[in-house]
Each structure stands twice: as structure tokens, then as C-alpha cells.
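Visitor: First the structure, which I've put down as C-alpha cells, then a few questions once you've had a look.
The values are calculated or read from the model by the stated rules, or taken from the named source; none is laboratory data. Everything numeric here is computed off the predicted structure, so don't read it as measured data. Here the Cβ positions follow ideal geometry from the backbone for every residue, glycine too, while neighbour counts run over all protein chains shown.
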Amino acid sequence: MHLEAQADERAFRDEVRDFLADHLTPELRQAGQRTMGTCSPHEASQAWQKILYAKGWAAPSWPAEHGGPGWSAMQRHIFATECNFADAPMLAPMGLDMVGPAIMGHGSTAQQADYLPRILSGQDSWCQGYSEPGSGSDLASLQCRAVRSGDDYVINGSKIWTTHAQYANRMFCLVRTKTTGKPQQGITFLLLDMDTPGVKVEPIITMAGNHEVNQVFLDNVRVPRSNRVGAENDGWTVAKYLLEFERGGRAWGARLRGALANLHRLAEARDIADDGFAQRLAALAVDVRTVEFTEQRVIAELAKTGRIGPASSLLKIRACAVLQDIGEAGVEAIGNYAAPFQPKASQWGSNVEAIGRADELAVVGRYLDQRARSIAGGSNEVQRNIMAKQVLGM
Ligand SMILES: Cc1cc2nc3c(=O)[nH]c(=O)nc-3n(C[C@H](O)[C@H](O)[C@H](O)COP(=O)(O)OP(=O)(O)OC[C@H]3O[C@@H](n4cnc5c(N)ncnc54)[C@H](O)[C@@H]3O)c2cc1C
């Protein structure tokens with residue numbers, strides 16, 4: 001395993017750099033740099049996905065048969081790293097990195113033909129309906145009910161913390177189809193159209209001032225049976241498969257490298273990069289490097305077995321911890337400028353000059369937002385339980 005590019009990989013890196021230089025507008029770069037949350041603002045993320053799609057680069061990890069570029073693990077690493085260095089917007093993962101792989105792994109041929117091309121092109125935007133007001137860590141206790149009615153399921157209940165539900169035209173969700181027996185064996189995985197009558201989306205604004213998450217109410221929502229992925233009452237299998245991609249399939253190393261490069265820029269701008277802060281930067285660089293190696297192991301495992309496995313939990317915990325450390329160092333670097341936080345400064349299309357010091361304010365936004373990263377996608381405590389059980393056999 002090596003992380004240094006060989007000659008052909010350097011040529012590939014140059015090709016990627018040229019492409020990014022030609023296609024990333026200042027607005028797109030600004031959106032990438034000020035990204036909070038799971039992905040960049042919807043408009044920027046969509047615009048960038050269109051550009052990547054036209055080039056055939058929208059889904060680096062997808063197999064070529066479904067429209068992926070057929071890259072090696074190293075090429076994917078290079079591409080993700082260069083995108084982060086260039087401040088490219090982060091694409092929404094709910095379609096490309098979550099439901100896409102789940103449909104490839106567990107969907108019917110008809111579902112693959114129907115959904116995958118629209119996920120790839122960005123024509124469809126997805127949200128994830130797993131968590132409920134009473135079910136997060138103990139996801140198998142979910143209560144959102146679906147009952148059969150002719151050729152449809154009729155859903156009643158509510159989903160919460162639903163990222164970007166306000167933009168999504170589709171949701172993949174877990175519903176309870178059996179109330180007896182083991183809770184895990186009464187769950188079904190469904191794909192629903194957000195325009196269906198009975199779907200209502202209510203915003204939840206985070207302390208970072210970001211409208212990322214929502215509560216979604218489902219009131220007698222009819223979903224055709226053909227929208228079921230996998231067998232009835234076997235949705236837990238699909239759900240767990242998808243979670244491995246959510247936790248482990250997100251180019252964490254590249255994201256951390258990008259965040260560290262931003263921190264370097266910030267420290268240099270404030271003339272502290274050579275002081276005691278240099279030690280902090282060096283320690284973080286080591287941390288980022290170790291995450292990259294862990295990620296390479298995860299990618300190798302995926303290539304060998306087709307599964308990411310419980311290493312996704314390890315990667316997620318460690319990557320989020322380092323991301324939070326970088327965020328914290330950023331706040332220290334800007335000192336008292338961290339105090340007057342203005343969420344609007346980091347929003348897509350904001351008039352930066354009018355607000356002033358927008359870059360520094362975005363640092364605070366990111367710091368506040370990153371508090372949530374050790375909860376989103378399954379809390380750190382729960383990931384440790386998974387590792388204790390599945391890796392250590394405890
Ligand atoms: C920013 C953000 C975006 C999100 N986006 C989505 C989304 O798009 N779709 C979606 O479905 N969900 C989403 N979530 C929800 C997320 O998956 C849940 O918040 C998470 O699984 C934790 O569940 P909970 O909030 O119900 O907390 P709880 O399960 O109530 O946990 C509360 C605390 O108890 C601890 N805890 C719980 N059980 C155990 C245990 N067995 N052992 C040790 N400690 C335990 C937890 O670690 C946590 O600290 C998002 C969350 C956030 C913060």
C-alpha cells in the first residue's frame with residue numbers, strides 16, 4: 001500500500017487538476033470552502049454534480065457498468081484529495097453514496113435501471129428516512145407503520161433529523177411492517193416520492209444557523225409495492241448494508257486534508273503558522289495521515305469482499321474526531337473574531353463584502369456544525385459498541 005502517487009498516477013492527478021482549474025468557478029469554490037454539514041449548499045452541490053456528470057466523474061466509487069469511471073482505489077483517492085484541495089463543493093451523499101450502492105446491492109434489475117441513472121445525473125435528490133423521534137441509536141425500535149392496501153403500502157408516522165428533506169424529491173425509508181417477533185425482522189425498506197400526498201417537511205435549524213435537518217411527517221402516504229427494496233420484513237439487511245457506505249464510503253481522508261489545508265491558510269493569514277501553532281498543525285497532519293491509511297485499508301477490504309464491514313465504524317469515529325480537532329484549532333486561530341458568529345456569512349450567494357470577515361465567521365459555523373458529526377450517521381458510543389461486538393467478539 002502506498003499513498004505517494006506513481007508516474008501514471010501523477011499524470012492522472014494533473015488531468016484532475018486541469019479539469020478543476022477549468023471548471024470550478026469562484027462561486028463554486030467559495031461554496032466548497034464554506035461548507036457546513038454533510039454536503040455543500042444544495043444549489044452549489046447540484047451545479048457541481050452536473051459538471052462532473054458531463055465528464056463521467058460524478059460517482060467515483062460506482063462500478064463502470066452503472067456509470068462509474070472505473071477508477072482504481074488510488075485514482076479515487078487522488079480525485080477526492082484534489083477536489084478538497086481545490087475547494088470543490090461536496091456532493092450530497094444520500095443518493096450517490098447511500099441509496100445508490102444499496103439499490104445496486106439489493107434492488108431489482110428494474111429498480112436499478114429506473115433509479116441509478118437519475119441518481120448519477122443529479123436529476124433525483126434523495127433524503128434518508130431512518131431516525132424517528134423515539135428511535136435513533138436503537139433504530140430497530142422504529143414505529144413508522146406501513147400496512148398493505150392493494151398494490152400499495154400506506155405509511156403513517158414521522159421521521160426526524162432528515163438531512164436535506166427540503167430539497168429531496170425522493171426518500172428511502174425504513175417502516176414497520178410487522179409488530180410481533182424480533183423488532184429487526186419486522187422492518188421494510190421503501191423508496192417514496194416526496195410529492196406524494198401526505199408528506200410534510202418541517203425545518204429544524206441547528207445551532208450553527210444551518211437548515212440541514214428536518215422532521216418529516218407521513219400521513220396516509222401511499223407507496224407502490226414495487227418501490228420496496230428487498231423482501232418485506234427484511235429491510236434491516238438493506239439498512240445495515242447502506243449504513244456501512246454512509247459511515248465508511250465518504251473519502252474522509254481527502255476531506256480532512258482539505259480542512260487541514262484551510263487551517264494552514266488561516267494560520268498563515270494570521271501570521272501564526274510558525275509559532276507554537278506549528279506544533280498543533282504538525283500533530284493534526286499526523287492524525288490526518290493515520291485516517292488516510294485506515295481509509296485505504298477499508299477501500300482494499302471493499303475491493304476484496306464487496307463489503308466495507310465494521311471498519312466503517314472505526315473510520316467514522318476517528319475521522320470525525322480529527323475533523324472536530326481541526327475545527328477547534330480553527331477557532332483558536334481566529335481568537336476573538338470567533339465571538340460574533342453570523343450564520344448568514346457562510347451561506348451560498350451571501351454578499352461577503354457586506355458582512356465582512358466572512359471566512360473567519362465560517363470557521364465558527366463549521367466548528368458548531370461539527371459538534372453534530374459524532375452523532376450523525378450513528379453516535380460514536382454506538383459505533384464503539386458495534387466494534388466491540390463485531391470486531392472484538394465481546
Ligand atoms: C446533523 C445530523 C444529521 C442527521 N441526518 C439524518 C438523516 O438524514 N436521516 C436519518 O435517518 N437520521 C439522521 N440523523 C440522526 C442520527 O442518525 C441520530 O441522531 C443518531 O443515530 C443518534 O440517535 P438519537 O439522536 O435518537 O440519540 P439517542 O439514540 O437518543 O442517543 C442519545 C445519547 O445516548 C447514547 N447512547 C444511546 N444508546 C447507547 C448505547 N446502547 N450505549 C451507549 N450509549 C448510547 C448516544 O451515543 C447519545 O450520546 C442525523 C443526525 C444529525 C445530528
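Visitor: Quick one: R148 ticks every box in (1) surrounded by fewer than 19 Cβ atoms within 10 Å (Cβ to Cβ); (2) closer than 15 Å to N233 by Cβ; (3) under 21 Å from the mean Cα position of the chain (by Cα) except a single one, so which number is it?
Guide: Only one criterion in (1) surrounded by fewer than 19 Cβ atoms within 10 Å (Cβ to Cβ); (2) closer than 15 Å to N233 by Cβ; (3) under 21 Å from the mean Cα position of the chain (by Cα) is unmet by R148, namely (3).
Visitor: Another one. If a residue has to be touching a His at 6+ places or on another chain (Cβ under 9 Å) and among the aromatic types (F, W, Y) to count, how many in the range 119-176 make the cut?
Guide: Going through the range 119-176 one residue at a time, the tally reaches 2.
Visitor: Looking only at the range 367-383, which residues are in contact with a helix residue (DSSP H, G or I) (Cβ under 6 Å, 6 or more places away or on another chain) and of a type in the set (G, A, S)?
Guide: S374, G377
Visitor: So which residues in the range 179-238 are over 20 Å from D151 (Cβ atoms), hydroxyl-bearing (S, T, Y) and either at pLDDT 95 or above or away from the ligand (no atom under 16 Å from the Cβ) (or both)?
Guide: Of everything in the range 179-238, those that are over 20 Å from D151 (Cβ atoms), hydroxyl-bearing (S, T, Y) and either at pLDDT 95 or above or away from the ligand (no atom under 16 Å from the Cβ) (or both) turn out to be T179, T180, T237.
Visitor: Please determine, by comparing only the residues of the range 1-51 that are hydrophobic (A, V, I, L, M, F, W, C) and within 16 Å of the ligand (Cβ to nearest atom), which one is modelled with the lowest pLDDT.
Guide: Looking at residues that are hydrophobic (A, V, I, L, M, F, W, C) and within 16 Å of the ligand (Cβ to nearest atom), I get M36.
Visitor: Considering only the range 162-178, state which residues are within 9 Å of the ligand (Cβ to nearest atom) and farther than 20 Å from V238 by Cα.
Guide: Passing the criteria: H164, A165.
Visitor: Hey, another quick one. Could you check S40 against (1) surrounded by 16 or more Cβ atoms within 10 Å (Cβ to Cβ); (2) without any contact (Cβ under 8 Å) to a residue 12 or more places away in the chain and say which number it fails?
Guide: Of (1) surrounded by 16 or more Cβ atoms within 10 Å (Cβ to Cβ); (2) without any contact (Cβ under 8 Å) to a residue 12 or more places away in the chain, only one is false for S40: (2).
Visitor: Counting just the residues of the range 161-191 that are out of contact with any Asp or Glu (no Cβ under 9 Å at 6 or more places or on another chain) and among the charged types (D, E, K, R), which one comes out surrounded by the fewest Cβ atoms within 10 Å (Cβ to Cβ)?
Guide: This residue is K182.
Visitor: On the given criteria, is P224 farther than 22 Å from A321 by Cα and without any contact (Cβ under 8 Å) to a residue 40 or more places away in the chain?
Guide: In short, no.
Visitor: Could you please give the count of residues in the range 199-213 that are in contact (Cβ under 8 Å) with a residue 60 or more places away in the chain, surrounded by 16 or more Cβ atoms within 10 Å (Cβ to Cβ) and either farther than 22 Å from M98 by Cβ or not charged (D, E, K, R) (or both)?
Guide: Residues meeting the conditions: 4.
Visitor: So, T305, is that one at pLDDT 85 or above and either touching a Leu at 6+ places or on another chain (Cβ under 8 Å) or under 30 Å from P63 (Cα atoms) (or both) or not?
Guide: no
Visitor: Looking at A283, A273, which one is modelled with pLDDT under 90, closer than 19 Å to A261 by Cβ and among the small types (G, A, S)?
Guide: The match here is A273.
Visitor: Also: Within the range 367-382, take every residue that is of a type in the set (S, T, Y) and more than 6 Å from the ligand (Cβ to nearest atom) and give me the one that is nearest to G129 (Cα to Cα).
Guide: Residue satisfying both the conditions and the ranking: S374.
Visitor: How about the range 110-155: which of its residues are within 30 Å of W48 (Cα to Cα) and within 12 Å of the ligand (Cβ to nearest atom)?
Guide: Of everything in the range 110-155, those that are within 30 Å of W48 (Cα to Cα) and within 12 Å of the ligand (Cβ to nearest atom) turn out to be W126, C127, Q128, G129, Y130, S131.
Visitor: I'd like to verify a number: residues in the range 360-385 that are surrounded by 16 or more Cβ atoms within 10 Å (Cβ to Cβ) and more than 20 Å from the chain's Cα centre (by Cα), how many?
Guide: Qualifying residue count for the region: 3.
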